[in-house]
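Just so it is clear, none of the values below were taken in a lab; they were calculated from the coordinates. All of these numbers come straight from a predicted model, not from anything done at the bench.
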Amino acid sequence: MSRTEEVAKLYQQYVMPTYTRTGIVLVRGKGIKAYDIEGKEYLDFFPGWAVSGLGHCHPEVVSAIREQVRKMLHVSNNYYNELQADLARKIAEHSFDGKVFFCNSGAEAVEGAIKLARKFGSPKRYEIITLEKSFHGRTMATISATAQPKYQEGFSPLLSGFTYAPFNEMDAVRAKITERTVAIMLIISK
């Protein structure tokens with residue numbers, strides 16, 4: 001049995017099958033190249049959900065991480081952090097006049113956007129239009145927003161307040177707008 005097969009077997013036994021995995025075990029990366037457990041080299045064109053957009057192990061990123069973990073690995077949101085405050089200022093200065101919500105995942109970001117939209121429209125405007133073939137995440141709200149039954153199966157009843165329209169058909173989207181509509185959410189996946 002190959003090392004790849006051994007790891008795949010551990011996944012089959014101990015990890016929930018929530019993702020479709022490619023049959024390789026990545027163990028390291030450098031720049032645009034990734035290497036598997038068998039020693040095979042790959043060109044990695046996947047930015048890791050925006051985590052590794054600069055490639056694997058970019059020297060400046062590695063240096064910044066090393067410097068920070070020598071000082072402190074984690075600062076809870078219960079405390080102020082100088083670097084987080086500075087980053088929020090830079091984001092606001094380069095994007096919009098407002099405040100930043102830091103979160104841990106795309107699903108949490110989408111969940112935050114759903115809550116923000118509903119709070120803005122409360123109590124009368126709460127419905128959000130999403131598009132067919134969308135994928136918004138794996139929380140209850142984001143699965144409810146996702147217009148793909150294959151992701152929703154087994155999680156009924158879904159949260160109410162989501163309406164689905166065909167992708168790239170603006171007339172269909174407009175037809176779904178009512179006095180209860182607070183937002184149109186666009187995140188597309190396969």
Amide H of LEU159: which non-local residues (sequence gap of 5 or more, or other chain) have their own amide H closer than 5 Å, using H built in the peptide plane? SER144
Nearby lysines by direct alpha-carbon distance to LYS40 (threshold 18 angstrom, same-chain neighbours under 8 apart not counted): LYS30
Under the rule of at least 5 residues apart or a separate chain, name every residue whose amide H is placed under 5 Å from the amide H of GLU132. ALA165, PHE167
Can you give me the Cα centroid spacing of the stretch 91-139 and the stretch 152-177 in angstrom? 16 Å
Volume per residue of the C-alpha convex hull in the stretch 3-70, rounded to whole Å³: 128 Å³
Could you give each residue of the stretch 54-62 its phi-based ³J(HN,Hα) in whole Hz, using Karplus coefficients 6.51, -1.76, 1.60 with θ = phi - 60°, and x for Gly or Pro? 8, x, 7, 6, 4, x, 5, 5, 4
What shape does the stretch 106-185 take by its C-alpha gyration tensor, where a ≥ b ≥ c are the square roots of the eigenvalues and a/c under 1.5 counts as rounded, a/b above b/c as prolate, and the rest as oblate? oblate
Under the rule a/c < 1.5 gives rounded, and otherwise a/b versus b/c splits prolate from oblate, where does the chain land using the Cα gyration tensor? oblate
Show the residues, 5+ positions off or on another chain, whose built amide H is closer than 5 Å to the amide H of LYS33. ASP44, HIS56
What are the ³J(HN,Hα) couplings of the stretch 78-91, residue after residue, when phi is run through the Karplus curve with 6.51, -1.76, 1.60 and θ = phi - 60°? Round to Hz, x for glycine and proline. 6, 10, 6, 9, 4, 5, 5, 4, 5, 5, 4, 4, 5, 4
Selected from PHE135, PHE45, PHE102 as most flexible by GNM, with the chain as the system and alpha-carbon contacts under 10 Å: PHE45
